[in-house]
Amino acid sequence: MPLESGIEPSQEQLEQLAIAVNQRDSDFILSEIGDLHPADITQLLYDFGSQECKYVISLLPYPVGAEIITNLDSETRRKFLRVYDSAEFVQFIPAMDSDDAVDILTETPIRFREEVIARMEDKEMASYIVELLRYDEDCAGGLMAKELIKANANWTVVRTIEEIRRQAENVEKFYSVYVVDDHDILLGRVSLKKIILSKSSTLIKDIYEKEIVFIESYRDQNEVAEIMQRYDLESVPVVNFQGMLLGRITIDDVVDVITEQAEEEINLMSGISETVEEDEPVWTAARARLPWLLIGMCGGLLGAKLAGLFEWQIRMVPAMAFFIPLITATGGNVGIQASTVMVQGLSNRLPGGMSFLQKLMKTILVALVNASILCAAVLLFTWLLGDPIRLAATVSVAIFSVVILASIMGTVTPYVLDKIGINPALASGPFITTANDLLGLAVYFWVAWAMLH
């Protein structure tokens, strides 16, 4: 039974496919995967070596092969492209968008890249690629594709329709037509609906919309993602400093940026300083995790030293030591909650949103409610478990103080990091946990000194 898109293949099917690939049984391979979506074929190829993948792709039409290569993750694709020479790879370029072609070529050696561009028959596409290669990959210019539909403001509707037919040959999806002047300066856009419903002799300048969201080519990719999320855009035009239309960025490219942002923030929140793939060498994986482990260890040593300063209190009231994990865990949890909320707020800045002071005041009010409930719960449980009422009261007051201070610290720290240009997600990881452990211990022993002295 042939493989089906969206359905996980069985182990038996995978084994049969592997045997067919090893035996170069093209008929069986095409009968199994010929009707699959390219994304599903990509997933299957991760189980094969580069030569086997090359053979499978050679059986498929170039547009399908181009999409498969585009879908591969960058590390796998770098290894895979080593089995191609420039004459073989250039056949896939016409089936790719210019931005995807550039992303792939930047992962190859310079000589290979230059040979591919020189071998391209479509000189317009080649010029697009050369132009896009000069942009950094993490700016709007590096994300944009040159393929788009545009119309001069002085054109009639009938001429515009003819131009749309001509230009659309290289554009897979488009939702509107960008309007420019004689110097390619972006003026606005006109919807396909308006073009279709207008009379043939109507000029585009009489029906286009002047209000349009655009982004400059030098803007950071994070700004692009923020703008497209804010205005719910499927695509956004890119202009240079003079306002000349250069290209467009589509939502699929921005989804990749948003995914990278999320992965980076998850890594930071987990105490991993760099992006690490599953197949990375052991030293690379260890290097990514080690810095924050060392910082956490230093924090633990400082905490132990801090507890040692109050050794005399623990000797007088040994039961105090039993509550140290409670204090540190509560402070860490509260700090992470507050910092996570603040990081989300900084990531989703909206016009008319709450100011920092408003957020801080709300955090304090929430902390007061939580602290009061936790304080009462600790007082009740410690008293019911038979601890002296003065010790129970000490732990309760310490918990109350730690919750308030950890909430404030968890809110202020991401804000400060953001203001000095450091990713605020850093505040939601080991940094805030370690800091709140030390803060919690200091507060606990200070309260204990004040109440039990």
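What follows draws every value from the coordinates through simple rules; no lab data is involved. These figures come from a predicted structure and were not determined experimentally. Virtual Cβ from ideal backbone geometry, glycine too; neighbours counted across all protein chains shown.
Just a few scattered comments:
- Sparse packing (at most 13 other Cβ atoms within 10 Å of the Cβ) combined with a DSSP loop state is found for the following chymotrypsin sites (Phe, Trp or Tyr not before Pro) in region 1-105: Tyr46.
- Between Arg119 and Ile185, the simple spin-label model (points 7 angstrom out along Cα→Cβ) gives 4.3 nm.
- Each Lys or Arg adds one and each Asp or Glu subtracts one; over the other residues with Cβ under 12 Å from the Cβ of Gly243, this totals -3.
- Taking amide H atoms as placed 1.01 Å from N in the peptide plane, the amide H of Leu246 lies under 5 Å from those of Val238, Val239, Asn240, each 5 or more residues away in sequence or on another chain.
- Added length on full extension, which subtracts the Cα-Cα distance from 0.36 nm per residue, Glu52 to Val130: 24.9 nm
- Among Ser401, Ser86, sorting on how many other beta-carbon atoms sit within 10 Å of each Cβ, with the fewest leading, yields Ser86, Ser401.
- Look at His37, His183 and count the other Cβ atoms within 10 Å of each Cβ; fewest to most, that gives His183, His37.
- Convex hull volume per residue in cubic angstrom - Cα atoms of region 11-135: 99
- Extent along principal axes [Cα atoms of region 150-258; Å; largest to smallest]: 43, 27, 23
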